[in-house]
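The values are calculated or read from the model by the stated rules, or taken from the named source; none is laboratory data. Because the structure is a prediction, the values reported are computed rather than measured. Using ideal geometry, Cβ is built from the backbone for each residue, glycine included, and neighbour counts are taken over all protein chains shown.
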Amino acid sequence: MEGNKTISRLKIVILSIFAILLSFLLFKISQRNKKKISSFKVRENKMVSKLKHNKTNTEKLSLNLAIIQDFVDEFSKRIKNIQSTIENPKDKEQITKLLRELQSYNRISNDVKKDSGNIKKINDSFVFNLQYKYPSLIEDELKICSLVYLKLKNKEIASLLNLSVRSIENKRYRIRKKMNLATSEDLFETLTSLNLD
């Protein structure tokens, strides 16, 4: 009889220890989950603030584009007026070349201006997904990703951002590197797939 009581007490002690360990384990898991949730909330708040900042930058970009377009139009008119008064054929030819360059820039700007409505197409979920999946991208790289997403060519992006084509190529290379894209993977396709997630 006394052996049964000892075994019963032993079982109760073991169950008590097991219950205490289980409670302790559940408490630790709960604490870890609370820390994770807290860290996710902090990260979400950072993303929301970045998103607001990017939205403001997109609006500024659209406004700058409109201002530049107006300037180029006015400048072209002034050059045409001056060209009509020049009589020297060589000077006239140089001014014609200059006008062609301006018209080429103007054509690119018009295409981009048409697409400026598409800048709004870069919705919050795209930028959020991009920043979430690739947090190491800096603001300039996010801007270039947005323009690539709009199907702009390097030359158009360079013209829009007032950079050289080579600079845009270098920036795209760094973006691809940060995104760990293989040479066979297309940046545009990767960005498009982000907006579908």
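Are any of the residues in segment 114-132 at pLDDT 90 or above and of a type in the set (A, V, I, L, M, F, W, C)?
no
Filter segment 125-181 down to the residues that are within 26 Å of N45 (Cα to Cα), in contact with an Asp or Glu (Cβ under 7 Å, 6 or more places away or on another chain) and polar (S, T, N, Q) and list them by number.
N129
Might you check whether a residue that is more than 22 Å from F126 (Cα to Cα), surrounded by 10 or more Cβ atoms within 10 Å (Cβ to Cβ) and either modelled with pLDDT under 85 or out of contact with any strand residue (DSSP E or B) (no Cβ under 6 Å at 6 or more places or on another chain) (or both) occurs anywhere in segment 41-59?
no
Can you tell me which residues in segment 140-197 are basic (K, R) and modelled with pLDDT of 90 or more?
R166, K171, R172, R174, R176, K177, K178, listed by residue number.
Has segment 32-40 got at least one residue that is of a type in the set (F, W, Y), assigned to a helix (DSSP H, G or I), within 30 Å of F128 (Cα to Cα) and at pLDDT 80 or above?
yes
May I ask you to list the residues in segment 147-197 that are part of a helix (DSSP H, G or I), basic (K, R) and farther than 20 Å from S136 by Cβ?
K155, R166
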